[in-house]
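*Asks:* What follows is a structure written as structure tokens; I'll ask about it next.
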Amino acid sequence: MTQGYQIRDQHGIHFVTLTVVEWLDVFSNESYREIFIDCIIYCQSNKHFHVHAWVIMSNHIHLIVSTSSPSTLSSNLRDLKKYSAYKIIKAIRTNESESRKSWLMKVFRTNGRSNMRNVTFQFWIQDNHPVLLDSNFMLDQRLKYLHNNPVKAGIVRRPEDYIYSSAAAYAGMKDEIIEIEFLD
């Protein structure tokens, strides 16, 4: 069993990917995206969590983030994933108009049972694949990759046209969904 990637510099700027188990397209539902956004905003306000860039796709999320003391990036990502999973699963369970409810819950339950770190459900895969962005080349590369995700997926023609992304803010347009701290 591999250990996966580890965050060695807890206060460095990292590119991370949060992926829903089995690549389920949970975030095609606006209410679940909004729950995740609220969780991010909470971490920004209460946990010294700094978001430099972001994009929410249907089944995964890319972030460029950092954390300042006394928090650590590992603990912030753990808490973000744990709390957002709890809130989104609860929303799915109580959403009367969710046509995929029983199937989604079955997948989360099956993944949870096969992972001894979980009690009942697993929403996110465990690995965040953190990449320390310690050079301007790496920062630019990951920022372009993150913002071009919706273009590559065929959702929009230009990155700044995708609503659930920081691309509009980086293009000089107003972006009020998640406050970002621009990269130099």
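The values are calculated or read from the model by the stated rules, or taken from the named source; none is laboratory data. Quick caveat, the model's predicted, so the values are computed rather than measured. All Cβ positions, even for glycine, are placed from backbone atoms using ideal geometry, and neighbour counts span all protein chains on display.
*Asks:* Got a sec? Which helices (runs of 4 or more DSSP H) wholly within region 72-184 have at least 3 residues that are buried (at least 20 other Cβ atoms within 10 Å of the Cβ) and among the aliphatic types (A, V, I, L, M)?
*Replies:* Where helices (runs of 4 or more DSSP H) fall fully within region 72-184 and carry at least 3 residues being buried (at least 20 other Cβ atoms within 10 Å of the Cβ) and among the aliphatic types (A, V, I, L, M), they are 73-94.
*Asks:* Among residues belonging to region 41-65 that are touching a residue at least 60 places away in the same chain (Cβ under 8 Å) and more than 21 Å from Asp161 (Cβ to Cβ), point out the one that is surrounded by the fewest Cβ atoms within 10 Å (Cβ to Cβ).
*Replies:* Looking at residues that are touching a residue at least 60 places away in the same chain (Cβ under 8 Å) and more than 21 Å from Asp161 (Cβ to Cβ), I get Ile41.
*Asks:* Further question on the same structure: Within region 102-110, can one find any residue that is touching a strand residue (DSSP E or B) at 6+ places or on another chain (Cβ under 6 Å) and either at pLDDT 95 or above or not basic (Lys, Arg) (or both)?
*Replies:* Checked region 102-110: no residue is touching a strand residue (DSSP E or B) at 6+ places or on another chain (Cβ under 6 Å) and either at pLDDT 95 or above or not basic (Lys, Arg) (or both).
*Asks:* Return the only residue of Gln3, Gln44, Gln10 being over 23 Å from Met138 (Cα atoms) and at pLDDT below 95.
*Replies:* Gln3
*Asks:* So, in region 136-167, of the ones that are small (Gly, Ala, Ser) and within 18 Å of the chain's Cα centre (by Cα), which residue ends up farthest from Gln44 (Cα to Cα)?
*Replies:* Selected residue: Ala153.
*Asks:* Could you give me the residue pairs with C-beta distances under 9 Å whose first residue belongs to region 144-160 and is touching a residue at least 60 places away in the same chain (Cβ under 8 Å) and over 18 Å from Phe182 (Cβ atoms), whose second residue is part of a helix (DSSP H, G or I) and acidic (Asp, Glu) wherever it lies, and which are 6+ apart or on separate chains?
*Replies:* Short answer, once both residue conditions are applied: Pro150/Asp161.
*Asks:* Among the residues of region 111-133, is any without any contact (Cβ under 8 Å) to a residue 12 or more places away in the chain and of a type in the set (A, V, I, L, M)?
*Replies:* yes
*Asks:* Here is a follow-up. What number of residues in region 4-47 are in a strand (DSSP E or B), aromatic (Phe, Trp, Tyr) and either out of contact with any strand residue (DSSP E or B) (no Cβ under 6 Å at 6 or more places or on another chain) or closer than 24 Å to Lys90 by Cβ (or both)?
*Replies:* Residues that pass the stated criteria total 0.
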